[in-house]
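Working notes, beginning with the structure itself.
The values are calculated or read from the model by the stated rules, or taken from the named source; none is laboratory data. Predicted, not measured: the structure shown is a model, and the values here were computed from it. Backbone-built Cβ (ideal geometry, glycine too); neighbour counts: all protein chains shown. For the accessible areas, the whole protein counts, side chains as well, though only heavy atoms, and no ligand, DNA or RNA atoms are used. Shrake-Rupley method; radii C 1.70, N 1.55, O 1.52, S 1.80 Å.
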Amino acid sequence: MSDQQLVIRDLHVAVAAAPELEILQGIDLTIGKGEVHAIMGPNGSGKTTLAYALMGHPLYVVTRGEVLWKGHDILKLSPDKRSRLGMFLAFQYPTAIPGLSVASFIRSALNAKLQGIDKDPNVDPTDSLRGGISMRDFRTKMREKFALLKMDESIASRYVNEGFSGGEKKRLEMLQMAVLEPEMAILDETDSGLDIDALRIVAEGVNAMLNPNMGVLLITHYQRLLNYITPDVVHVLARGRIIKSGGKDLALRLEDEGYAPVLAEAGYDVSDTDAADTARAPEAVPEMVEAVR
């Protein structure tokens, strides 16, 4: 198994409260470092479920399958160990953490990652002489990432997401990703709740971080994000499965025709569903916090 790929095989996922009702019903997907894979699909198709299952959200249970990454079946690892292995999740609805500054939050996350998956006892993340990052080096790194993302450094002293606009929350997710430098980034509907200017700024941040050592799973409901971030592969997730894969032209087709024709081609009855659901962006709506969060 290559350390350069995230391999998802026959992944079945249900809500922990009702394990007999599977949301994902057999996902097969391979994402290599340096690749951008976009997952698109109608509302309720399981896109966020896939993101949460990959990172070990406790409200979801994997009923079958495996996810291989860097010599491990990550489904057997806790969420923090998955992160220490270089995985990262940018949330659709980031949570506010009153009383915790952005700088302290990111430095703690970075130091935890430096310990490695098995928490090397010889590494003390609070001691720069034993593998931790010094305050000076951390400040230098933060300044570099603020410049890369064209962000105001004053955000470092604010409490995590408290009083942030929708665009600021998503840009903070990008700052975390820039500092932590993951090898596999999962972006869960980063475009959700953003106006066109905020979307462009966030997309520019993602593009600035793309590199041969990082794979990206980009989950989106609308084609508009792909006007700014060019995917290598586009997958359509519906009815708990990936029913079609293609290039950027597939996303453009979804924008023009909606999901119904692709569902019909895959053999699904669309007469009693949201077949008219399209990949076009809706009017701006207030952000909501999902019950699962």
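In segment 173-189, the count of residues that are modelled with pLDDT of 85 or more and over 17 Å from the mean Cα position of the chain (by Cα) is zero.
Every test in (1) at pLDDT 85 or above; (2) within 16 Å of the chain's Cα centre (by Cα); (3) on the phi < 0 side of the Ramachandran plot is passed by Pro261 save one, and that test is (2). Is at least one residue of segment 94-102 under 29 Å from Ile243 (Cβ atoms), open to solvent by less than 40 Å² (accessible area, probe 1.4 Å), of a type in the set (A, V, I, L, M, F, W, C) and modelled with pLDDT of 95 or more? No, there is no match, as no residue in segment 94-102 is under 29 Å from Ile243 (Cβ atoms), open to solvent by less than 40 Å² (accessible area, probe 1.4 Å), of a type in the set (A, V, I, L, M, F, W, C) and modelled with pLDDT of 95 or more. Of all the residues in segment 156-165, those that are out of contact with any strand residue (DSSP E or B) (no Cβ under 9 Å at 6 or more places or on another chain) and surrounded by fewer than 18 Cβ atoms within 10 Å (Cβ to Cβ) number 2. Kindly evaluate Ala51 against the criterion of being open to solvent by less than 40 Å² (accessible area, probe 1.4 Å), touching a strand residue (DSSP E or B) at 6+ places or on another chain (Cβ under 6 Å), part of a helix (DSSP H, G or I) and among the small types (Gly, Ala, Ser). Considered against the rule, which asks whether it is open to solvent by less than 40 Å² (accessible area, probe 1.4 Å), touching a strand residue (DSSP E or B) at 6+ places or on another chain (Cβ under 6 Å), part of a helix (DSSP H, G or I) and among the small types (Gly, Ala, Ser), Ala51 comes out as yes.
Quick one: in segment 229-240, of everything that is in contact with an Asp or Glu (Cβ under 8 Å, 6 or more places away or on another chain) and at pLDDT 95 or above, which residue is most open to solvent (accessible area, probe 1.4 Å)? It comes out as Asp232. Counting the residues of segment 1-25 that are at pLDDT 95 or above and either surrounded by fewer than 16 Cβ atoms within 10 Å (Cβ to Cβ) or in a loop (DSSP other than H, G, I, E, B) (or both) gives 2. Residues that are more than 19 Å from Val206 (Cα to Cα), in contact (Cβ under 8 Å) with a residue 12 or more places away in the chain, open to solvent by less than 40 Å² (accessible area, probe 1.4 Å) and in contact with a Leu (Cβ under 9 Å, 6 or more places away or on another chain) do occur in segment 133-146, at least one of them. Before we move on, is Ile243 surrounded by fewer than 22 Cβ atoms within 10 Å (Cβ to Cβ) and either assigned to a strand (DSSP E or B) or touching a His at 6+ places or on another chain (Cβ under 6 Å) (or both)? Here the answer is yes, as Ile243 does meet what is asked.
Here's the yes/no breakdown for (1) among the small types (Gly, Ala, Ser); (2) in contact with a strand residue (DSSP E or B) (Cβ under 7 Å, 6 or more places away or on another chain); (3) within 30 Å of Gly26 (Cα to Cα):
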{"position": "Met177", "(1), (2), (3)": "no, yes, yes"}
{"position": "Asp188", "(1), (2), (3)": "no, yes, yes"}
{"position": "Asp191", "(1), (2), (3)": "no, no, yes"}
{"position": "Asn211", "(1), (2), (3)": "no, no, yes"}
{"position": "Met214", "(1), (2), (3)": "no, yes, yes"}
{"position": "Ile242", "(1), (2), (3)": "no, yes, yes"}
{"position": "Gly246", "(1), (2), (3)": "yes, yes, yes"}
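Annotation note: of Ser83, Ser78, Ser101, the sole residue that is of a type in the set (Gly, Ala, Ser), touching a residue at least 12 places away in the same chain (Cβ under 8 Å) and farther than 28 Å from Ser157 by Cα is Ser78.
If you check Pro58 against the conditions, is it surrounded by 18 or more Cβ atoms within 10 Å (Cβ to Cβ), of a type outside the set (Ser, Thr, Tyr) and in a loop (DSSP other than H, G, I, E, B)? Here the answer is no, as Pro58 does not meet what is asked.
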